[in-house]
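Working notes, structure below.
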Amino acid sequence: MLDDTDRRILRQYQAAPEEPSEALAERAGVTPSTLARRLARMRETGVLRGVRGVIDWAQLGYAVEVSLRVTLDKSVPNALDAFVAAAREVQEVLEIQTFLGQVDVRLAVIARDLEDYQRLYRDHLLALPHMTDLEALMHVARLKTDETLPL
């Protein structure tokens, strides 16, 4: 699906997506028109899903990150759908992941401080439907974050 030129373009693009096309093309060893054509093709085929701004939420005053592992009541039809729909409404929920196994769902949650987290936990998280077990893991440090692919 991807040839060596595509992979070279993607390596350069993921390293600096905000870089001007001419500079990106030069670093990838292609002409600007080749770069534009290949990036457009990769967007059309779904290889590139978009460019996004990454905001450091800690810089905006969110000092607490918690990972919640949730087990749902499997005797309730559509429990997962109802839970996910309700969790999406909680603004402080950054990520929702589903799993196979004992833990059904993981929520990544942020709060401004412990008092804010306690309010969020009491008022919103405990009110999520169909939970049978909830385990909170307080994040201490992020040791690696990397979304780049080895192309």
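The residues on offer are R43, R52, R69, R106, and the sole one that is more than 18 Å from the chain's Cα centre (by Cα) and either outside any loop (DSSP other than H, G, I, E, B) or charged (D, E, K, R) (or both) is R43. Restricted to the stretch 121-140, and to residues there that are farther than 14 Å from I110 by Cα and in contact with an Asp or Glu (Cβ under 8 Å, 6 or more places away or on another chain), the residue that is surrounded by the fewest Cβ atoms within 10 Å (Cβ to Cβ) is T132.
Of the residues making up the stretch 8-35, those that are surrounded by fewer than 14 Cβ atoms within 10 Å (Cβ to Cβ) and of a type outside the set (S, T, Y) are Q14, A15, A16, P17, E18, P20, E22, A23, G29. The C-beta contact set for the stretch 96-113 (first residue outside the structural domain of L68 (by TED's automatic domain parsing), second residue assigned to a loop (DSSP other than H, G, I, E, B) and surrounded by 16 or more Cβ atoms within 10 Å (Cβ to Cβ), distance under 9 angstrom, 6+ apart or interchain) is empty. With respect to (1) among the polar types (S, T, N, Q); (2) under 27 Å from L48 (Cα atoms); (3) touching a strand residue (DSSP E or B) at 6+ places or on another chain (Cβ under 6 Å), the lone exception for T132 is condition (2). Is it the case, given these coordinates, that Q118 is over 21 Å from the mean Cα position of the chain (by Cα), modelled with pLDDT under 95 and within 30 Å of A141 (Cα to Cα)? Here the answer is no, as Q118 does not meet what is asked. Only a single item in (1) loosely packed, with under 12 Cβ neighbours inside 10 Å; (2) under 29 Å from A16 (Cα atoms) is not met by I110, and it is number (1). Checked against the criteria, D73 counts as of a type in the set (D, E), within 29 Å of V109 (Cα to Cα) and touching a strand residue (DSSP E or B) at 6+ places or on another chain (Cβ under 7 Å).
For the stretch 44-86, the set of residues classified as surrounded by 13 or more Cβ atoms within 10 Å (Cβ to Cβ) and basic (K, R) consists of R69 only.
The values are calculated or read from the model by the stated rules, or taken from the named source; none is laboratory data. No experiment lies behind these values; they were computed from the predicted model shown. Virtual Cβ from ideal backbone geometry, glycine too; neighbours counted across all protein chains shown.
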